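> Below you will find the structure I want to go over with you.
The values are calculated or read from the model by the stated rules, or taken from the named source; none is laboratory data. What you see is a predicted model; the values in this text were computed from it and never measured. FYI the Cβ positions are ideal-geometry reconstructions off the backbone, even for glycines, and counts take in every protein chain you see.
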Amino acid sequence: MQQTLIELLDARVCAALAAAGCEGAPAVVAPAGRPEFGDYQANGVMGAAKARKMNPRQLAITVLEHLDLAGIASKVEIAGPGFINITLAPAFLASLAGDALAESRLGVPQPVAQRVVVDYSSPNLAKEMHVGHLRSTIIGDALARVLRFLGHEVVAQNHVGDWGTQFGMLTAYLIEAEQGGEAALALNDLEDFYRRAKLRFDEDPAFATRAREYVVKLQGGDAQVNALWRKFLDISLHHCEAVYEKLGVGLRREDVRGESAYNDDLPAVVADLQAKGLAVESEGAQVVFLDEFKNKEGQPQAYIVQKQDGGYLYSTTDLAAVRYRTGKLKADRVLYVVDARQSLHFQQMFTLSRKAGYASAAMSLEHVGFGVMLGDDGKPFKTRSGGTVKLAELLEEAELRAFALVSEKNPDMAEVERHKIARAVGIGAVKYADLSKNRNSDYVFSWDSMLAFEGNTAPYLQYAYTRIAGVFRRAEGWNEQAPIVLMEEAERQLALALARFAEALQAVSRETMPHFLCAYLYELAGQFMRFYEACPVLKSEGALRDSRLRLCRLTADTLHTGLDLLGIDVLEAM
Ligand code: ARG
């Protein structure tokens with residue numbers, strides 16, 4: 001398939017509109033949403049008629065006369081004031097399913113390839129990763145996977161926080177810990193390390209002075225302090241990598257390009273903004289006033305790019321990063337998978353980047369924001385004592401809980417096997433619970449609902465997959481090349497759901513919304529269950545049995561691929 005179903009129907013309806021005298025009128029094709037409207041509905045006739053002062057119903061009739069859907073649709077009808085309802089032909093859907101089975105991309109067409117930078121995870125290395133970084137890490141990873149599958153070139157960028165005054169304090173404390181011979185032990189727990197360093201900083205003025213000197217030395221390129229700083233970063237990144245490994249997230253060391261990587265470019269950015277008349281001095285700081293962003297008094301808001309003391313900011317670093325992503329990485333599109341609370345920063349930074357010419361009009365800059373993870377009490381997710389929840393511990397708990405569930409269901413299974421399943425189910429549940437919600441909203445983190453075997457959850461989909469895998473364990477001697485024939489409506493509906501995989505992936509890519517893929521897979525699994533109830537598979541015979549087994553195969557492959565693209569492991573049995 002060179003096009004998704006929507007694209008194909010859209011092109012045909014557009015051609016018919018043109019033939020009916022409405023050249024260039026959009027067809028507006030979308031899934032019908034209700035069975036009585038067919039599979040797809042084209043809504044463009046009304047708009048075209050209105051613009052040309054025509055009778056919509058009359059225009060619809062003319063469009064229908066020109067609409068060529070031979071071999072594609074089995075029924076095309078006009079409904080209401082001029083809707084065109086399209087029902088796809090079983091033979092057409094059967095041929096799509098056959099084509100999808102014949103190639104590794106499952107019939108998903110390849111759009112024009114772009115180079116896409118995905119900025120995700122990006123934790124602050126001064127502390128250990130906590131739940132706040134979970135969403136960015138898994139949403140970003142799912143987007144990167146989907147974009148790659150569609151054929152885009154993805155450049156992952158882990159824009160870690162590795163610069164700033166905290167690092168002076170941490171390196172000063174690292175020296176002390178090393179002198180006391182306890183550095184290795186202290187660094188086992190970065191959270192604790194940070195807390196102790198901060199305590200020293202607050203209580204001992206001499207230490208505080210040293211910490212400040214270290215910041216200056218670090219910035220001045222002092223070799224000894226730099227080596228210590230690097231050592232600290234290396235340890236902190238090891239902690240992150242342990243989490244990535246557990247999560248099955250593909251970020252590597254090469255993908256790390258932290259804030260410090262842009263240091264050399266920061267003076268140049270500010271100088272350039274000044275030269276272009278964008279940055280001006282205000283109370284000793286370098287500030288950009290953007291007319292697009294006004295405060296309550298109607299005055300342009302200040303976007304600070306250099307502090308009074310000459311120090312640079314998060315904003316300056318991000319501007320330098322845009323220059324790098326345009327200039328060196330030659331990106332067509334940059335996705336920033338970052339907490340929605342940073343929305344204003346990104347909108348200002350994008351606007352300024354365009355004004356300054358750091359991002360061309362053709363390069364798309366998108367803030368992929370997300371809401372907060374909440375606890376049962378509806379407040380931001382915390383430990384019982386009110387502390388931040390470490391990611392490593394949360395994931396451990398997920399596996400433990402899943403292990404208890406699996407053991408309850410399969411008490412006789414070997415322990416190693418139960419651990420394997422618990423890992424896939426526990427981690428999968430945490431990831432899916434996040435990915436399946438509209439990322440813009442806050443969501444309540446609930447062990448019980450994410451680990452449920454019913455509903456829109458990872459365990460449900462993983463289980464649906466193993467059920468199909470089970471069918472194949474019992475299906476001996478069948479013809480894997482047999483033609484697919486769709487006799488029953490439940491078969492046709494399943495084939496239609498399968499053919500929509502490409503649409504789901506393109507929607508994820510276009511809107512940067514992984515929950516579209518989750519909703520799709522959930523719908524597909526439901527459609528499969530309906531088919532499985534209505535149409536005997538193993539008990540049927542001959543060509544019919546082969547055809548149904550092939551539908552089972554494509555369903556299994558699509559679920560498998562879809563879950564892979566969400567970064568969720570699939571098991572053959574559980
Ligand atoms: N380190 C930042 C934080 O933890 C996120 C960085 C996101 N990426 C960016 N280019 N600003 O909030």
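> Can you tell which of Ala340, Ala321 is within 14 Å of the ligand (Cβ to nearest atom) and within 30 Å of Asp569 (Cβ to Cβ)? Steps first, please.
Details: Ala321 fails: within 30 Å of Asp569 (Cβ to Cβ).
After applying the criteria, what remains is Ala340.
> For the stretch 374-383, does any single residue satisfy the condition of being within 11 Å of the ligand (Cβ to nearest atom), surrounded by 15 or more Cβ atoms within 10 Å (Cβ to Cβ) and under 19 Å from His130 (Cβ atoms)?
No, that holds for no residue.
> So, one more: Evaluate the stretch 425-432: report whether one residue or more is of a type in the set (Ser, Thr, Tyr) and under 16 Å from the mean Cα position of the chain (by Cα). So that I can check it myself, show each step before the final result.
Going residue by residue through the stretch 425-432, those that are of a type in the set (Ser, Thr, Tyr) are 432.
Right, trim to under 16 Å from the mean Cα position of the chain (by Cα) and you get 432.
For the stretch 425-432, residues of a type in the set (Ser, Thr, Tyr) and under 16 Å from the mean Cα position of the chain (by Cα): present.
> While we're on this one: Taking the residues in the stretch 339-368 that are in a loop (DSSP other than H, G, I, E, B) and surrounded by 15 or more Cβ atoms within 10 Å (Cβ to Cβ) as candidates, determine which candidate is farthest from the chain's Cα centre (by Cα). Quick ask: steps written out before the conclusion?
Taking the stretch 339-368 as the starting set, the residues that turn out to be in a loop (DSSP other than H, G, I, E, B) are 339, 356-363.
This time we only want the ones that are surrounded by 15 or more Cβ atoms within 10 Å (Cβ to Cβ), so: 339, 356, 358-359, 363.
Details: Asp339: 13, Ala356: 29, Tyr358: 26, Ala359: 23, Met363: 20 Å.
Of everything passing the filter in the stretch 339-368, Ala356 is farthest from the chain's Cα centre (by Cα).
> Would you point out the residue of the stretch 133-150, among those that are more than 13 Å from Met513 (Cα to Cα) and touching a strand residue (DSSP E or B) at 6+ places or on another chain (Cβ under 8 Å), that is farthest from the ligand (Cβ to nearest atom)?
Start the filter on the stretch 133-150 by keeping residues that are more than 13 Å from Met513 (Cα to Cα), which leaves 133-134, 137, 148-150.
Now narrow it down to the ones that are touching a strand residue (DSSP E or B) at 6+ places or on another chain (Cβ under 8 Å): 134, 148.
Values: Leu134: 12, Arg148: 20 Å.
If we take residues in the stretch 133-150 being more than 13 Å from Met513 (Cα to Cα) and touching a strand residue (DSSP E or B) at 6+ places or on another chain (Cβ under 8 Å), then Arg148 is farthest from the ligand (Cβ to nearest atom).
> Something else now. Residues being touching a residue at least 40 places away in the same chain (Cβ under 8 Å) and either surrounded by fewer than 21 Cβ atoms within 10 Å (Cβ to Cβ) or assigned to a helix (DSSP H, G or I) (or both): count how many of those fall in the stretch 220-251.
Applying the first criterion (touching a residue at least 40 places away in the same chain (Cβ under 8 Å)) to the stretch 220-251 yields 225, 228-229, 231-233, 235-237, 239-240, 242-244, 246-251.
Checking which are either surrounded by fewer than 21 Cβ atoms within 10 Å (Cβ to Cβ) or assigned to a helix (DSSP H, G or I) (or both) leaves us with 225, 228-229, 231-233, 235-237, 239-240, 242-244, 246-248, 250.
Number of matching residues: 18.
> I would also like to ask the following. Which residue is surrounded by the fewest Cβ atoms within 10 Å (Cβ to Cβ), if the candidates are limited to the stretch 420-450 and must be at pLDDT 95 or above and β-branched (Val, Ile, Thr)?
Out of the qualifying residues, it is Ile427.
> Taking the conditions exactly as written (acidic (Asp, Glu), out of contact with any Gly (no Cβ under 9 Å at 6 or more places or on another chain) and either surrounded by fewer than 17 Cβ atoms within 10 Å (Cβ to Cβ) or closer than 20 Å to Glu103 by Cα (or both)), does Glu480 satisfy them or not? Can you show your working first?
Values: acidic (Asp, Glu): yes; out of contact with any Gly (no Cβ under 9 Å at 6 or more places or on another chain): yes; either surrounded by fewer than 17 Cβ atoms within 10 Å (Cβ to Cβ) or closer than 20 Å to Glu103 by Cα (or both): yes.
Yes, satisfied.
> Now a separate question. In the stretch 374-409, how many are touching a residue at least 12 places away in the same chain (Cβ under 8 Å) and assigned to a loop (DSSP other than H, G, I, E, B)?
Final tally of qualifying residues: 6.
> Restricting to the stretch 294-310, give me the number of residues that are away from the ligand (no atom under 15 Å from the Cβ) and either over 15 Å from Ala279 (Cβ atoms) or among the aliphatic types (A, V, I, L, M) (or both).
Final tally of qualifying residues: 9.
> Here's another thing I want to ask about it. Cβ contacts < 9 Å: first residue basic (Lys, Arg), restricted to the stretch 268-295; second residue assigned to a strand (DSSP E or B) and surrounded by fewer than 17 Cβ atoms within 10 Å (Cβ to Cβ), any location; separation 6+ or different chain. Result?
Lys294/Pro300; Lys294/Gln301
> Kindly check whether there is at least one residue in the stretch 151-170 that is farther than 27 Å from Ser260 by Cα, within 29 Å of the chain's Cα centre (by Cα) and away from the ligand (no atom under 16 Å from the Cβ). Before you say what the answer is, go through the steps one by one.
The initial filter retains those residues of the stretch 151-170 that are farther than 27 Å from Ser260 by Cα, namely 151-152.
Keeping just the survivors that are within 29 Å of the chain's Cα centre (by Cα) gives 151-152.
Remaining after also requiring away from the ligand (no atom under 16 Å from the Cβ): 151-152.
Yes; the residues of the stretch 151-170 include at least one that is farther than 27 Å from Ser260 by Cα, within 29 Å of the chain's Cα centre (by Cα) and away from the ligand (no atom under 16 Å from the Cβ).
> Of all the residues that make up the stretch 296-316, how many are of a type outside the set (Gly, Ala, Ser), touching a residue at least 24 places away in the same chain (Cβ under 8 Å) and not in a strand (DSSP E or B)?
Applying the first criterion (of a type outside the set (Gly, Ala, Ser)) to the stretch 296-316 yields 296-297, 299-301, 303-309, 312-314, 316.
From what's left, touching a residue at least 24 places away in the same chain (Cβ under 8 Å): 301, 303, 305-306, 308, 312, 314, 316.
Within this subset, residues satisfying the condition of being not in a strand (DSSP E or B) are 308, 314, 316.
Residues that pass the stated criteria total 3.
> Of everything in the stretch 369-392, what is more than 23 Å from the chain's Cα centre (by Cα) and either at pLDDT 95 or above or not polar (S, T, N, Q) (or both)? Give them in sequence order.
Residues of the stretch 369-392 that are more than 23 Å from the chain's Cα centre (by Cα), as a first pass: 376-379, 382-388.
Correct list: Asp376, Asp377, Gly378, Lys379, Lys382, Arg384, Gly386, Gly387.
> Related question: Output the residues belonging to the stretch 434-469 that are farther than 18 Å from Arg530 by Cβ and in a helix (DSSP H, G or I).
Asp434, Leu435, Trp447, Asp448, Ser449, Met450, Ala458, Pro459, Gln462, Thr466, Ala469
> How many residues are farther than 26 Å from Gly132 by Cβ and either of a type in the set (Gly, Ala, Ser) or in contact (Cβ under 8 Å) with a residue 60 or more places away in the chain (or both) when one looks only at the stretch 444-466? Even if it seems obvious, please write down each step before you answer.
Quick first cut of the stretch 444-466, residues farther than 26 Å from Gly132 by Cβ only: 453-455, 460-466.
With the extra rule that they be either of a type in the set (Gly, Ala, Ser) or in contact (Cβ under 8 Å) with a residue 60 or more places away in the chain (or both), the set shrinks to 455, 460-466.
Matching residues across the stretch 444-466 total 8.
> Can you pull out the residues in the stretch 550-574 that are of a type outside the set (A, V, I, L, M) and out of contact with any Pro (no Cβ under 9 Å at 6 or more places or on another chain)? Give the steps one after another, and end with the answer.
Here is the first cut: in the stretch 550-574, the ones of a type outside the set (A, V, I, L, M) are 550, 552-553, 555, 557-558, 560-562, 564, 567, 569, 572.
Of everything in the stretch 550-574, those that are of a type outside the set (A, V, I, L, M) and out of contact with any Pro (no Cβ under 9 Å at 6 or more places or on another chain) turn out to be Cys552, Arg553, Thr555, Asp557, Thr558, His560, Thr561, Gly562, Asp564, Gly567, Asp569, Glu572.
> Determine, yes or no, whether Glu178 is modelled with pLDDT under 95, within 15 Å of the ligand (Cβ to nearest atom) and among the acidic types (Asp, Glu).
Numbers: modelled with pLDDT under 95: yes; within 15 Å of the ligand (Cβ to nearest atom): no; among the acidic types (Asp, Glu): yes.
Spelling it out, it is not the case that Glu178 is modelled with pLDDT under 95, within 15 Å of the ligand (Cβ to nearest atom) and among the acidic types (Asp, Glu).
> Additional query: Kindly list, by first and then second residue, each pair from a residue in the stretch 129-141 that is modelled with pLDDT under 95 to a residue that is within 10 Å of the ligand (Cβ to nearest atom), limited to pairs with Cβ atoms under 6 Å and residues at least 6 apart or on different chains.
Met129/Pro123; His133/Pro123
> Does the stretch 124-132 contain at least one residue that is under 29 Å from Pro26 (Cα atoms) and among the aliphatic types (A, V, I, L, M)?
At the first step, the residues of the stretch 124-132 found to be under 29 Å from Pro26 (Cα atoms) are none.
No, the stretch 124-132 contains no residue that is under 29 Å from Pro26 (Cα atoms) and among the aliphatic types (A, V, I, L, M).
> Among the residues of the stretch 1-30, what is the count of those that are in contact (Cβ under 8 Å) with a residue 60 or more places away in the chain and touching a helix residue (DSSP H, G or I) at 6+ places or on another chain (Cβ under 8 Å)?
6
> Another question, then. Against the condition modelled with pLDDT of 90 or more and within 30 Å of Asp265 (Cβ to Cβ), how does Ala206 come out, does it pass?
no
> If you don't mind, another one. If we scan the stretch 117-125, do we find a residue that is among the β-branched types (Val, Ile, Thr), closer than 27 Å to Asp332 by Cα and at pLDDT below 95? Walk me through it before giving the result.
Within the stretch 117-125, the subset among the β-branched types (Val, Ile, Thr) is 117-118.
The next check asks that each one be closer than 27 Å to Asp332 by Cα; those that pass are 117-118.
Restricting the remaining residues to those that are at pLDDT below 95 gives none.
No: the stretch 117-125 contains no residue that is among the β-branched types (Val, Ile, Thr), closer than 27 Å to Asp332 by Cα and at pLDDT below 95.
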